[in-house]
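To keep things clear, I will list the structure first and then write my remarks on it.
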Amino acid sequence: MSPGRRALGRERAHGADLTRCEAYGVDQGHDDNMPARTPSNDWQADASPGANDLTSKDCLRKTVLVVEDDEAVSSLLVALLEDRGYAAVPAMDGKTAIELARSLAPHLITLDLALPGTDGHEVLQNLKADPLTRDIPVVVISAFTQILPAGDRKKLAYLLGKPFDVTEVLEIVQATVGNPFV
């Protein structure tokens with residue numbers, strides 16, 4: 001963990017706001033008996049206060065922000081990650097992705113480049129320029145990987161083209177952030 005990320009440790013750590021986690025009385029350790037959260041729409045891209053409140057079991061899992069405008073691909077990635085124990089939060093556009101990255105401080109962001117409004121290139125630039133999000137690893141999963149400038153490629157943890165192999169996605173997530181439990 002980088003020094004900048006460590007400095008956020010009291011307010012935001014491990015993809016969860018500790019104030020909200022501590023309110024649950026949650027120990028940030030591993031719990032083998034914790035059931036995996038089923039894929040659902042309880043994490044909507046809503047920046048209103050309290051809209052994305054964490055549950056106690058989310059405080060125990062590493063968070064992956066899934067930025068993908070194709071609902072089928074987004075649902076697949078969220079279900080795949082949650083099945084493996086990660087807390088997966090979808091964002092369907094770039095503006096929402098930036099807001100959620102700042103508020104959740106996820107462990108990893110998967111990012112499509114072709115997004116409505118603020119595209120993936122601009123999202124990446126914003127994330128890497130912001131002290132709150134610059135140290136979050138980003139994995140681009142896009143059909144347009146060939147148009148990504150070399151400078152942007154250096155900012156990524158990994159670059160994966162579409163169509164993708166789900167096994168490869170899981171291997172990349174595991175290699176980047178480790179097991180799903182904090």
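The values are calculated or read from the model by the stated rules, or taken from the named source; none is laboratory data. Fair warning: this is a prediction, and the values are worked out from it, not measured in the lab. Quick reminder, even Gly has a Cβ in these numbers, built from the backbone with ideal geometry, and neighbours come from all protein chains shown.
Looking only at residues that are at pLDDT 95 or above and in a helix (DSSP H, G or I) in the range 54-77, which one is surrounded by the most Cβ atoms within 10 Å (Cβ to Cβ)? Among residues in the range 54-77 that are at pLDDT 95 or above and in a helix (DSSP H, G or I), the one surrounded by the most Cβ atoms within 10 Å (Cβ to Cβ) is Leu77.
For the range 78-103, what are the residues that are farther than 17 Å from Phe164 by Cβ, touching a residue at least 60 places away in the same chain (Cβ under 8 Å) and either surrounded by 24 or more Cβ atoms within 10 Å (Cβ to Cβ) or in contact with a helix residue (DSSP H, G or I) (Cβ under 8 Å, 6 or more places away or on another chain) (or both)? Steps first, please.
Of the residues in the range 78-103, the ones farther than 17 Å from Phe164 by Cβ are 82, 85, 87, 89, 91-103.
Remaining after also requiring touching a residue at least 60 places away in the same chain (Cβ under 8 Å): 85, 87, 103.
Result: Ala87, single match.
Entry remark, the range 127-158: residues being under 22 Å from Leu80 (Cβ atoms), crowded, with 16+ Cβ neighbours inside 10 Å, over 14 Å from the mean Cα position of the chain (by Cα) and not hydroxyl-bearing (Ser, Thr, Tyr) number 0 in total.
Scanning the range 110-165 for residues that are under 22 Å from Ala88 (Cβ atoms) and among the aromatic types (Phe, Trp, Tyr) returns Tyr158, Phe164. Among the residues of this structure, Ala114 counts as one that is closer than 13 Å to Glu68 by Cα and surrounded by fewer than 16 Cβ atoms within 10 Å (Cβ to Cβ).
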